[in-house]
Amino acid sequence: IKDENSGYNKNLFCIPKHYEEDVERVFIPHGLVLDRTERLARDIMQDMGSHHIVALCVLKGGYKFFADLLDHIKALNQNGDKSVPITVDFVRIKSYC
């Protein structure tokens, strides 16, 4: 996103009531995030080939993205020519440096 990008008018989206006063504009629509997440899953499957995938989620903020990404990877894994083993683990970080 370029700095001069003004985003989208918030009236084009369903904003939860408790966020309406805090949100001024929407910079990245949810559908675009979902599309890019699916593309990332495809890239991961292509890059990993038949190697074992170890997926590590950083809790607490990353769980939703992680779950969506894993859903796409699992779907590709089930519908592909071969099944790739996937290990899932979670880590909790006390603070960021």
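The values are calculated or read from the model by the stated rules, or taken from the named source; none is laboratory data. Computed from a predicted structure; not experimentally measured. Quick reminder, even Gly has a Cβ in these numbers, built from the backbone with ideal geometry, and neighbours come from all protein chains shown. With ligands, DNA and RNA removed, areas are computed over all heavy atoms of the protein, side chains included. Shrake-Rupley method; radii C 1.70, N 1.55, O 1.52, S 1.80 Å.
The figures follow:
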quantity: Size of charge dipole - the chain - debye, nearest 20, with Cβ of Lys, Arg +1 and Asp, Glu -1, no other charges; calculated: 280
quantity: 1.4 Å probe accessible area per residue over region 8-92, in Å²; calculated: 78
quantity: Considering only the chain, percent of DSSP beta bridges that pair antiparallel, nearest 5; calculated: 20
quantity: Protection proxy ranking, peptides 10-21, 25-36, average beta carbon neighbours within 10 Å, highest first; calculated: 25-36, 10-21
quantity: Gyration tensor (alpha-carbon) shape descriptor, region 3-65, a/c threshold 1.5; calculated: prolate
quantity: Local electrostatic count, L32, Cβ distance below 12 Å [Lys/Arg +1, Asp/Glu -1]; calculated: 0
quantity: Rounded tilt (10° steps) of 30-48 against the dominant C-alpha axis of the chain; calculated: 20
quantity: Carbon + sulfur, % of accessible area of region 8-92 - ligands and nucleic acids excluded, 1.4 Å; calculated: 54
quantity: Lys/Arg +1, Asp/Glu -1 at C-beta; region 8-92 dipole; positive extreme among H51, N11, G80; calculated: H51
quantity: Principal-axis tilt of helix 63-79 within the chain, Cα atoms, nearest 10 degrees; calculated: 40
quantity: Cα gyration tensor category, rounded, prolate or oblate, for region 31-97 with a/c compared to 1.5; calculated: oblate
